[in-house]
Amino acid sequence: MKPQHSPPAAASPLGQRAAPRQSDAAGPALSTVWTAWVGAVLPGVLLSAALGGLAMGLGQLDWLAQHGFSALTLAICLGIVLGNTAGRHLQGKAQPGIVFSKGMLLRAGIVLYGFRLTLQDIAQIGWPGVLSDALVLCSTFALALLLGRRLFGLERNTAMLIGAGSSICGAAAVLATQPVLKAKAEQVTVAVSTVVLFGTVTIFLYPWLYQQQLHWLPSSAAGFGVYAGSTIHEVAQVVAAARAISPETADLAVIAKMVRVMMLAPFLLALSFWLGRRGAARGAQGADTPVITVPWFAFVFVAATALNSAGILPAALVQALLAADTLLLAAAMAALGLSTHLSAVRQAGWRPLLLAGLLFIWLIGGGAVLNRVALLLN
């Protein structure tokens with residue numbers, strides 16, 4: 001009996017056997033990988049977004065809003081509570097999505113934050129206001145690094161995060177600086193906690209200081225507004241403190257604060273470049289030379305600000321982008337809270353609190369001096 005042979009494969013017009021197309025095999029493989037990735041990430045993203053949405057709702061309550069508790073502050077608090085109690089049972093399944101939320105969602109939120117600003121804000125407070133913001137930012141961050149490292153012996157990342165939160169825009173600045181430093185969740189939580197604590201104090205302290213008419217503080221409502229905007233930690237805290245003085249104070253305080261927020265992008269670029277240069281100098285002494293990390297989202301942040309300044313976007317679209325921004329940042333804060341272990345925060349001790357307290361005193365006293373210097377230099 002003759003052995004049976006399978007029929008030859010069909011040949012192409014050139015006489016060669018047709019090979020299976022790689023795209024036919026790659027398509028289902030990519031689809032499977034994508035489905036598996038979404039399935040792994042989705043639980044943690046939904047959990048973070050749910051906590052962020054809840055924080056946004058709570059942030060609308062009058063009592064919390066009047067006391068300067070923003071959605072970002074409430075989101076990290078909710079995340080910490082859940083992450084250190086019932087949330088421990090969810091950590092395994094939700095972990096990939098939590099990591100994604102505090103990474104990519106955070107960067108997307110920082111980009112959309114640019115739609116809160118316009119370049120026209122600069123003109124409303126003039127160059128003295130811009131200069132006072134820049135002086136406060138640079139001096140406060142430098143002081144944080146100096147005192148944090150040499151006086152209190154803190155880890156560099158912790159000192160820098162506290163400095164960023166105190167000198168620019170509170171929790172949002174801490175979040176934006178975290179990817180550049182590659183800081184741990186516990187370090188971020190410690191920094192955010194100090195911003196919340198001392199920023200809340202300013203809500204009650206600044207109106208009282210204005211009523212005292214102290215000679216070393218600006219006496220006019222407009223001047224005090226610029227001073228408040230250049231020295232108070234978070235935007236919500238600026239609004240709460242300045243509204244207690246007068247509408248004029250509130251308007252100028254918010255503008256000065258938003259100009260200060262606008263300095264976030266150049267700050268991140270300068271910090272990344274400085275860290276890269278320090279790493280390169282150490283690499284020249286024998287270690288591998290690291291690559292300077294450029295925070296891409298800082299460039300897109302600037303582009304978003306420029307686009308918003310052009311005034312070509314419909315108002316409804318801008319409002320939708322701002323709502324999405326709040327949700328993204330709140331979800332990122334909730335994810336940070338979920339991945340924060342209170343035992344690690346307790347190990348940080350009292351030193352971060354003391355550093356933040358000294359920076360707080362500097363912002364009040366030194367900030368007033370720098371505001372006067374900016375006026376004299378104009």
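The values are calculated or read from the model by the stated rules, or taken from the named source; none is laboratory data. The structure displayed is predicted, hence computed values, not measured ones. When we count neighbours, we look across all protein chains shown, and the Cβ atoms used for this are built from the backbone with ideal geometry, even at glycine.
Quick test for you: out of I110, I125, pick the one residue that is assigned to a helix (DSSP H, G or I), at pLDDT below 90 and in contact with a Phe, Trp or Tyr (Cβ under 8 Å, 6 or more places away or on another chain).
It is I110.
Kindly evaluate E186 against the criterion of being surrounded by fewer than 23 Cβ atoms within 10 Å (Cβ to Cβ) and touching a His at 6+ places or on another chain (Cβ under 9 Å).
yes
Filter the stretch 113-156 for residues that are buried (at least 24 other Cβ atoms within 10 Å of the Cβ), of a type in the set (G, A, S) and within 13 Å of M262 (Cβ to Cβ) and give the result.
Those that are buried (at least 24 other Cβ atoms within 10 Å of the Cβ), of a type in the set (G, A, S) and within 13 Å of M262 (Cβ to Cβ): G114, G129.
For a quick check of your reading of the model, give me the residue pairs whose first member lies in the stretch 343-361 and is over 15 Å from V201 (Cβ atoms) and of a type in the set (V, I, T), whose second is part of a helix (DSSP H, G or I) and modelled with pLDDT under 70, with beta-carbon atoms closer than 6 Å and at least 6 apart or on different chains.
Correct list of pairs: empty, since none qualify.
Condition (residue is of a type in the set (S, T, N, Q), touching a Ser or Thr at 6+ places or on another chain (Cβ under 9 Å) and modelled with pLDDT of 75 or more) applied to the stretch 56-64: is it met by at least one residue?
no
Mind checking which residues of the stretch 51-63 are free of Cβ contacts under 8 Å to residues at least 24 places away in the same chain and within 19 Å of the chain's Cα centre (by Cα)?
Passing the criteria: only G59.
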